[in-house]
Amino acid sequence: MKLGDVLFGRKKLKEPAGERLFALTTASVTLDTSCGLKPAGKGAVIFKPLSAGEFAQAQTDIDQLLQSVALGAGSKLHRKTDSFGFQWVIVEDSDLDDQVTAVHAVASELEARGFGAQLLAAAFRFDGEEHPVYWIYGFKTGTFWPFVPTGTGQERDNARELELKAKLEPELPVEQDLTRWFGLFDAPI
């Protein structure tokens with residue numbers, strides 16, 4: 001940061017830390033053996049869209065990129081907009097490695113086009129319990145956190161989330177500030 005930025009309160013947004021996303025693929029064995037969680041076959045990248053024409057062109061390019069990734073990996077891809085206006089690029093594939101690769105490809109394309117600051121998170125669903133378990137990756141922090149909704153309104157299972165944090169910390173860069181563990185209630189994955 002420059003002196004002028006400090007004096008006038010400007011702060012440059014942190015660029016996405018997408019490469020740490022691949023840690024999830026190596027943690028999949030622990031998720032299965034120690035936690036009883038299996039990939040549900042769904043992952044997504046979540047971003048805030050802009051209305052600019054350049055962003056529309058980037059979205060067209062992303063769709064083409066997604067189709068090529070989907071064709072090579074055998075994944076199904078589609079997009080949804082949530083109630084907050086965020087875009088979800090949803091990857092359906094039974095192979096977790098392919099899911100992570102596709103999500104990383106979308107995030108990298110957005111970043112390369114100058115829209116890295118629009119990236120919010122990536123989310124991956126795991127099943128094996130009464131309720132789904134999501135591992136969320138924050139692009140700005142380069143960290144993961146678990147999210148376990150209880151299925152009752154806007155409630156979450158904090159005890160299970162802390163248990164998952166403890167089990168996966170040796171393998172995943174887990175967000176240490178619990179106030180940053182936002183939930184994705186009504187996630188379309």
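Laboratory data are not the source of any read-out in this text; all were calculated from the coordinates shown. Worth saying up front: this structure is predicted, and the values here are computed from it rather than measured. Positions of Cβ are generated from backbone atoms using ideal geometry, with glycine treated the same way; all protein chains shown enter the neighbour counts.
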Determine which residues of region 141-180 fall in the zone a paramagnetic label at Thr33 would reach in this model, i.e. backbone nitrogen under 17 Å from the point 7 Å along Cα→Cβ.
-> 167-172
Taking 0.36 nm per residue of separation between Thr26 and Ser68 and subtracting their Cα-Cα distance, the length gained on full extension comes to 12.7 nm
Each label sits 7 Å from Cα toward the beta-carbon; between Arg113 and Gln154 the label points are separated, in nm, by 3.2
Which listed pairs, of Lys80/Lys165; Lys42/Lys165; Lys38/Lys165; Lys42/Lys140; Lys38/Lys80, have C-alpha distances above 27 Å, in listed order | Lys80/Lys165
Output ³J(HN,Hα) for region 162-169: one whole-Hz value per residue in order, computed from phi by the Karplus curve 6.51 cos²θ - 1.76 cosθ + 1.60 with θ = phi - 60°, and x for Gly and Pro.
-> 5, 5, 5, 4, 4, 6, 9, 3
In terms of modelled amide H atoms, which long-range or inter-chain residues lie less than 5 Å from the amide H of Ala40?
-> Arg125, Phe126, Asp127
